[in-house]
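Here is the structure we will look at, set down as structure tokens.
Each value in this text was obtained by applying a stated rule to the coordinates, not by laboratory testing. Please read all numbers here as calculations on a predicted model, not as lab measurements. Here the Cβ is made from the backbone with ideal geometry for all residues, glycine too, and neighbour counts use every protein chain on show.
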Amino acid sequence: MTVAVTVRVPAKVNVQLAVGPARPDGFHDLANVFLAVGLYDEVTATPADSLRITCSGPDADKVPLDRTNLAARAAELLAARYGLAPDVHLHITKDIPVAGGMAGGSADGAAALVACDALWGTGASRAELLDICAELGSDVPFSLVGGAALGTGRGEKLTPLEVGGTFHWVFAAADGGLSTPAVYREFDRLTPGAAAPEASPALLAALRAGDPVALAAAVTNDLQPAAMSLRPSLAETLGVGLAAGALASLVSGSGPTTAFLAEGEESARKIAEALTASGTCRSARVATSPAPGATVVSG
Ligand code: ATP
């Protein structure tokens with residue numbers, strides 16, 4: 001009998017985030033190019049008398065341990081679908097910055113789903129798992145599939161994308177998070193009459209070619225002005241990374257994590273050192289992309 005299942009799940013960066021006007025349901029239509037990056041959370045599922053969440057890691061105190069945690073919601077949704085009780089202990093080993101625009105909560109939702117599916121032997125199909133992910137949140141399906149993908153609709157309709165090489169990144173975590181809904185509200189205020197979002201052909205070609213210089217010229221994030229309006233100090237962090245040799249610097253998703261695309265491994269290390277020394281961020285980490293989606297690593 002399986003007594004524990006551990007699933008490893010990556011963070012993401014949006015290399016293009018094109019945002020349309022607010023829809024009547026409050027969501028925004030997006031053209032969202034996701035790239036999974038090798039910063040990982042792990043979720044371990046073990047049988048328990050009732051649903052319980054624990055978390056360890058540097059940001060653990062910022063993670064809700066109640067039923068609002070996306071890992072708990074994932075377990076509940078899967079259990080409800082199969083007529084089971086969601087009696088499971090989910091331990092999250094958290095390495096993805098919390099409320100950092102890197103989809104850490106979404107990652108844990110996808111990981112918990114895969115872990116519970118394996119632990120309970122539910123044998124849900126990939127399509128069913130993706131369906132539950134979309135119910136959990138717009139970024140959750142991508143955490144399941146990983147790699148690179150174009151998300152349309154509110155970001156949850158995924159088309160896998162080809163990536164022709166390894167990209168080297170630096171991610172600078174900021175003190176305190178930014179609320180994603182607050183950033184979208186600021187976007188609506190700053191961008192009346194936003195255009196219908198479309199994926200950039202130049203960006204997709206750069207990913208296919210695995211060409212960091214071409215990718216750097218094509219990255220865009222429509223939420224960046226809104227995130228910077230709420231957190232003006234991000235401009236300093238972005239400037240330090242560029243001065244240290246980054247090919248491109250951008251706010252990751254809704255921020256406040258900032259992302260720096262480097263020419264290679266050595267350059268990424270130098271950018272991370274400069275960011276750490278500058279005191280303009282809480283920490284700077286190197287990571288490569290693409291990375292695989294939620295994967296069972298033991299159990
Ligand atoms: P996104 O990039 O998808 O907008 P994010 O990376 O900015 O998300 P998360 O780390 O996912 O932000 O956290 C956003 C909020 O979600 C947190 O402040 C927290 O209250 C809540 N949350 C729910 N489940 C989790 C989880 N497992 N890990 C972290 N935060 C969670």
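Quick look at the numbers
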| item | result |
| --- | --- |
| Fewest-first sequence of Met102, Met228 by Cβ atoms within 10 Å of each Cβ | Met228, Met102 |
| Loop GluC sites (Glu not before Pro), region 193-299 (other Cβ atoms within 10 Å of the site Cβ: 12 or fewer; DSSP) | Glu198 |
| Listed residues Ser229, Leu250, Ala134: farthest to the positive end of the dipole of the chain (Cβ charges) | Ser229 |
| Lysine pairs with alpha-carbon atoms under 24 Å apart, the chain, spacing 8 or more or separate chains | 5 |
| Rg/Rg_globular for the chain, with Rg_globular taken as 2.2 N^0.38 Å and Rg from C-alpha atoms | 0.97 |
| Ratio Rg/Rh, restricted to region 5-161 and using Cα atoms, in which Rh is the Kirkwood radius | 0.96 |
| Solvent-free Debye scattering, log10 I(q)/I(0), computed from the Cα coordinates of region 223-262 at q = 0.18 Å⁻¹ | -0.41 |
| Where N is the number of residues in region 145-218, Cα Rg divided by 2.2 N^0.38 Å | 1.35 |
| Two-site FRET efficiency, Val3 against Tyr82, from Cβ-Cβ distance with R₀ of 22 Å, rounded to 0.05 | 0.65 |
| CD proxy at 222 nm, helix term only [per DSSP H run n ≥ 4: -39500 (n - 2.57); per residue of the chain; nearest 500] | -10500 deg cm²/dmol |
| Neighbour-count ranking [beta-carbon atoms within 10 angstrom, fewest first] of Thr258, Thr122 | Thr122, Thr258 |
| Average Cα contact separation per residue, the chain, under 8 Å, 6 or more apart, as relative contact order % | 27 |
| Hydrodynamic radius (Kirkwood) for region 180-260, which is based on Cα pairs only, to one decimal in Å | 13.7 |
| Two-site FRET efficiency, Ala235 against Asp175, from Cβ-Cβ distance with R₀ of 22 Å, rounded to 0.05 | 0.90 |
| From the C-alpha gyration tensor of region 33-75, square roots of 5λ in Å | 22, 13, 11 |
